[in-house]
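**Q** Take a look at this one; I'll ask things after.
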C-alpha cells in the first residue's frame, strides 16, 4: 500500500540550531514529493517540491530537502532555525496512478525556543 | 491576484442546520479541491473537481455535496450538519502543468457544529 509517514509529531529546537523533520513514503515507484508549512490559523504554503529533477531541492526561507530513493525518504532540513519557523509542517506525496491526488502526512509541529 | 479565497472564515452551526462554504480562485486553474483538517490527521480530501462541470468523491465524502459553479468557483454544502463535521475546511486549486501539480490553498473555514 502507498503511504506517507512523518516520523515525529513534535520537534523542538533552539533558535540558531539545525532543523530536521523526517518523512518516509512507501511506494514501488518514485512519487512527486512536497513539503507544505502551515502557520497558526493560516492556510498551507508550499515550501518546496521534488519532481524527479535534482535530488536536493531548495525551497523558501532557507529550507531544503533531499530525495533518497534507496531510503524512500524526503527529510526537510534547515541549517539555523528562526523563531518565525515555528509552525506545522506537512510532507505531501502524489503517488503514481492516483490522478495526481495529494496524500498528506499527519504533520510535524516545530517549536523554536530562545 | 487574490489566489484562493474562502468564505466564511468562521461558522458555528447547530446539529441539523445546513450551510454552504464558498471557494473561488483567480488563477485560471481547472482543478479544485475541498479538504478537511482534523487534529493529528493531516488533510483529507472530501471532493474534487478536475474541470468545470465535473466532480468526484475523495476520501471522506459522506455528509457533503459540492457544486462546480464555473471555472472559478467550487462550493461545499453540508445539508444536515453533525458534530463530527466540526473541522477546519480548506479549498485548493491546482496547476495543470506536469510535472509539478502543486496545489494552492485558501485560508480555511473553521466550522463548529454544536
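All of the numbers you see were taken from the coordinates with simple rules; none came from a lab. These numbers come from a predicted model, not from an experiment. For neighbour counting, all protein chains shown are included, and Cβ atoms are generated from backbone atoms with ideal geometry for every residue, glycine included.
**Q** Starting from the Cα coordinates of the protein assembly as shown, work out the convex hull volume and express it per residue in Å³.
**A** In the protein assembly as shown, the Cα hull volume divided by residue count equals 125 Å³.
**Q** Can you sort B:43, A:20, A:7 from fewest to most other Cβ atoms within 10 Å of each residue's own Cβ?
**A** A:20, A:7, B:43
**Q** Using alpha carbon coordinates only, what is the Rg to Rh ratio of region B:1-60, with Rh defined as the Kirkwood radius?
**A** With Rg and the Kirkwood Rh in hand, the quotient comes to 0.99.
**Q** Right, here's the next one. For a protection proxy built on the mean count of beta-carbon atoms within 10 angstrom, sort B:6-13, A:43-50 highest first, please.
**A** Peptide ranking by packing, descending: A:43-50, B:6-13.
**Q** Hey, another quick one. What does the structure give for A:24-34 when I average, per residue, the other chain Cβ atoms found within 10 Å of the residue Cβ?
**A** 1
**Q** What fraction of the DSSP beta bridges in chain B is antiparallel, stated in percent and rounded to the nearest 5?
**A** Counting DSSP beta bridges with both partners in chain B, the antiparallel share is about 90 percent.
**Q** Could you tell me the ratio Rg/Rh of chain A? Both radii from Cα atoms, Rh via Kirkwood.
**A** Here the Rg-to-Rh quotient is 0.96.
**Q** Sort A:31-41, A:66-76 for me by packing, meaning the mean count of neighbouring Cβ atoms within 10 Å per residue, highest on top.
**A** In descending order of packing, they fall as A:31-41, A:66-76.
**Q** Something else about it: Which whole number gives the average count of other chain Cβ atoms within 10 Å of the Cβ atoms across peptide A:103-111?
**A** Per-residue shielding by partner chains comes out at 3.
**Q** In region A:20-65, how does Rg compare with the Kirkwood Rh, expressed as the Rg/Rh ratio over alpha carbon atoms?
**A** Rounded to two decimals, Rg over Rh is 0.99.
**Q** I'd like the distance separating the alpha-carbon centroids of region A:18-78 and region B:1-60, in whole Å.
**A** If you average the Cα positions of each part, the centres end up 24 Å apart.
**Q** Counting pairs of Cα atoms in region B:50-93, how many percent are more than 14 Å apart?
**A** 52
**Q** Separate question: What translational diffusion coefficient, in µm²/s and rounded to a whole number, does the Stokes-Einstein relation yield for chain B at 10 °C and a viscosity of 1.306 mPa s, taking the hydrodynamic radius as the Kirkwood radius over Cα pairs?
**A** Rounded to a whole number, D works out at 113 µm²/s.
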